[in-house]
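Everything on this sheet refers to the single structure shown next.
Just so you know, all these numbers are worked out from the coordinates, no wet-lab data involved. Since the structure is predicted, the reported quantities are computational estimates derived from the model, not experimental observations. Every residue, glycine among them, receives a Cβ derived from its backbone with ideal geometry; neighbour counts consider all protein chains shown.
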Amino acid sequence: MPTTPISLPERLYLLGYDPQRKRFTGSGERGCLLRAAALTELLAAGALRDEGGKAVAVPRATPPADPLLAQVLEEVAGDTRPRSWQHWVRRRARHAPGLVRDRLAAARWLRVEPHRVLGIFPGHSVTVRDTRAVRRLADSARAALHGTRPEEVAEADAAAVALAAAARLRTVVSRADGKRRRDRIDALTARTGPVPKVLRKVVDASRAATVAASSGGG
């Protein structure tokens with residue numbers, strides 16, 4: 001049996017698993033989503049604080065054991081001046097999934113095997129070891145989304161739903177739920193802090209850029 005994930009980025013990585021398709025989804029925004037999750041957890045833990053829309057490291061904060069959280073905290077603390085949350089969501093986002101994936105593999109949530117894409121490019125095949133355990137995480141997120149009292153939702157579940165909605169992670173928040181449960185999502189987002197709204201802007205900008213590029217810039 002896998003051990004319980006100890007970080008919000010791990011939880012969101014696993015929530016991207018689609019049990020019907022038996023694969024992970026949302027890879028286009030995964031890096032920014034995981035960075036946003038790390039920032040959110042560091043903020044909740046008191047290792048970061050918000051100053052006028054910018055992330056500031058709290059002096060002498062205890063370094064987290066989670067590699068991604070530790071990396072993000074070190075980056076924020078080591079910068080010469082405060083920068084926006086958006087800057088930190090985007091920074092080195094493509095490296096975040098590998099850090100989280102490898103830690104989940106070490107904890108036996110995932111099986112990671114090297115393979116070749118088109119027989120040429122190196123890649124990884126990622127499978128879930130215990131789909132029942134991942135479904136329990138998904139059930140917990142769905143309960144947070146569909147419950148009646150947002151103030152009673154566990155902090156990790158509130159943050160997971162808020163960030164998943166911002167990144168349009170459809171394994172957690174479907175398109176229909178994104179419309180029907182808008183007030184609920186807003187309530188959970190208000191509990192989570194500034195990062196989900198920042199993540200939504202990053203995702204929207206990324207998708208707009210992709211559409212513009214595919215249409216030849218308009």
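Between the beta carbons of Ser84 and Ala107, assuming R0 = 30 Å, the FRET efficiency works out to 0.40 to the nearest 0.05.
Based on DSSP H assignment, which helices of the chain show an axial Cα extent of at least 20 Å together with a mean Kyte-Doolittle hydropathy greater than or equal to -1.0? Sorted by number, the helices that extend far enough and score high enough are 27-44, 131-146, 195-214.
Cross-chain or 8 or more residues apart, Cα under 21 Å: how many lysine pairs in the stretch 8-204 fit that? Count them up, please. Show your work: numbers first, answer last.
Values: Lys54/Lys197; Lys54/Lys201; Lys179/Lys197; Lys179/Lys201.
Lysine pairs meeting the criterion: 4.
Along its three principal directions, the equivalent ellipsoid of the stretch 102-142 from the Cα gyration tensor extends over semi-axes of 26, 11, 7 Å, largest first.
For the stretch 1-102, what is the Kirkwood estimate of the hydrodynamic radius, computed as the reciprocal of the mean inverse distance between distinct Cα atoms, to one decimal in Å? Display every interim value, and only then the final one.
Working: mean 1/r = 0.0710 Å⁻¹.
Final number for the Kirkwood radius of the stretch 1-102 is 14.1 Å.
Legend: P(r) of the chain from all alpha carbon pair distances, 10 Å bins from 0, whole percents, reading 8, 33, 37, 19, 3, 0. Of Lys201, Lys22, Lys54, the sequence from fewest to most neighbouring Cβ atoms within 10 angstrom is Lys22, Lys201, Lys54. Cα-based radius of gyration for the stretch 1-54, normalised by 2.2 N^0.38 Å, reads 1.37.
For the residues Val195, Val89, what sequence is obtained by ranking on other C-beta atoms within 10 Å, fewest first?
Numbers: Val195 30, Val89 26.
Ranking Val195, Val89 by Cβ neighbours within 10 Å, fewest first, gives Val89, Val195.
Distance from a point 7 Å along Cα→Cβ of Ala45 to each backbone N in the stretch 71-97: keep the residues under 11 Å and list them by number. In the stretch 71-97, the label zone of Ala45 (backbone N under 11 Å from the point 7 Å along Cα→Cβ) covers 71-74. In units of the compact-protein estimate 2.2 N^0.38 Å, the stretch 158-218 shows a Cα radius of gyration of 1.24.
What ranking do Ile6, Ile185 get, fewest neighbouring Cβ atoms within 10 angstrom at the top?
On the way: Ile6 14, Ile185 23.
Listed from fewest to most nearby Cβ atoms, that is Ile6, Ile185.
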